[in-house]
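S.K.: Quick one: the structure is below, questions incoming.
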Amino acid sequence: MMQHEIPTLDRQGLRRFGLLTGAIIAVLFGLLLPWLRGHSFSQWALLIAAILAVWAIAAPSTLNPVYRVWMRIGLVLGFINTRITLGVIFYALMWPMGVMMRWVGYDPLHRQRLADAETYRTASQARLKKSMENPY
């Protein structure tokens with residue numbers, strides 16, 4: 001896994017982190033998810049959000065260890081999520097396209113071997129000066 005530098009935050013950044021994280025926990029885990037499942041408001045989410053909000057207002061500099069742990073968790077989840085997403089895209093889109101192209105005999109890179117070929121070089125075509133005025 002690659003090592004990433006976690007940016008250091010000043011007091012205002014740590015205060016914003018604490019308030020925003022508390023608000024997200026309150027809304028997501030306290031309101032939205034219980035509402036979607038047909039449950040009542042979650043008390044533990046409100047408690048954690050309140051602790052983070054008070055902590056962020058009273059002593060934001062002491063939130064640095066929480067911020068660092070949170071960012072490490074984010075880096076690990078991002079590493080895992082990237083591999084899953086790219087794997088799904090490859091095996092759901094790219095691999096079937098490659099199989100279909102081989103099945104119909106389409107070879108956009110012209111990789112077939114020619115026994116009587118002297119070279120595989122494709123000669124370029126001369127362009128007019130006018131074609132460079134509007135290249136796109």
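The values are calculated or read from the model by the stated rules, or taken from the named source; none is laboratory data. Here the structure is a predicted model, which is why all the values come from computation and not from measurement. With ideal geometry, Cβ positions are generated from the backbone for all residues, glycine too; neighbour counts draw on all protein chains shown. With ligands, DNA and RNA removed, areas are computed over all heavy atoms of the protein, side chains included. Shrake-Rupley method; radii C 1.70, N 1.55, O 1.52, S 1.80 Å.
S.K.: Yes or no: Arg11 of a type in the set (D, E, K, R) and without any contact (Cβ under 8 Å) to a residue 40 or more places away in the chain? Walk me through it before giving the result.
M.R.: Values: of a type in the set (D, E, K, R): yes; without any contact (Cβ under 8 Å) to a residue 40 or more places away in the chain: no.
The answer is no for Arg11.
S.K.: Looking only at region 40-62, which residues are in contact with a Lys or Arg (Cβ under 6 Å, 6 or more places away or on another chain) and within 15 Å of Ile24 (Cα to Cα)?
M.R.: If we filter region 40-62 for residues that are in contact with a Lys or Arg (Cβ under 6 Å, 6 or more places away or on another chain), which is where we start, we get 56, 60-61.
Within region 40-62, Ala56 is the sole residue that qualifies.
S.K.: Considering only region 1-98, give the helices (runs of 4 or more DSSP H) lying wholly within it that have at least 1 residues that are surrounded by 13 or more Cβ atoms within 10 Å (Cβ to Cβ) and of a type in the set (Lys, Arg).
M.R.: On the way: elements: 11-25, 33-37, 43-58, 64-89.
The helices (runs of 4 or more DSSP H) meeting that bar are 11-25, 64-89.
S.K.: Taking Pro108 as meeting all but one of (1) open to solvent by less than 100 Å² (accessible area, probe 1.4 Å); (2) not in a loop (DSSP other than H, G, I, E, B); (3) not charged (D, E, K, R), write down the number of the exception.
M.R.: (2)
S.K.: Inside region 14-27, can you point out the residues that are of a type in the set (A, V, I, L, M, F, W, C) and touching a residue at least 12 places away in the same chain (Cβ under 8 Å)? Working first, answer last.
M.R.: Of region 14-27, the ones of a type in the set (A, V, I, L, M, F, W, C) are 14, 17, 19-20, 23-27.
Hits for region 14-27 are Leu14, Phe17, Leu19, Ala23, Ile25, Ala26.
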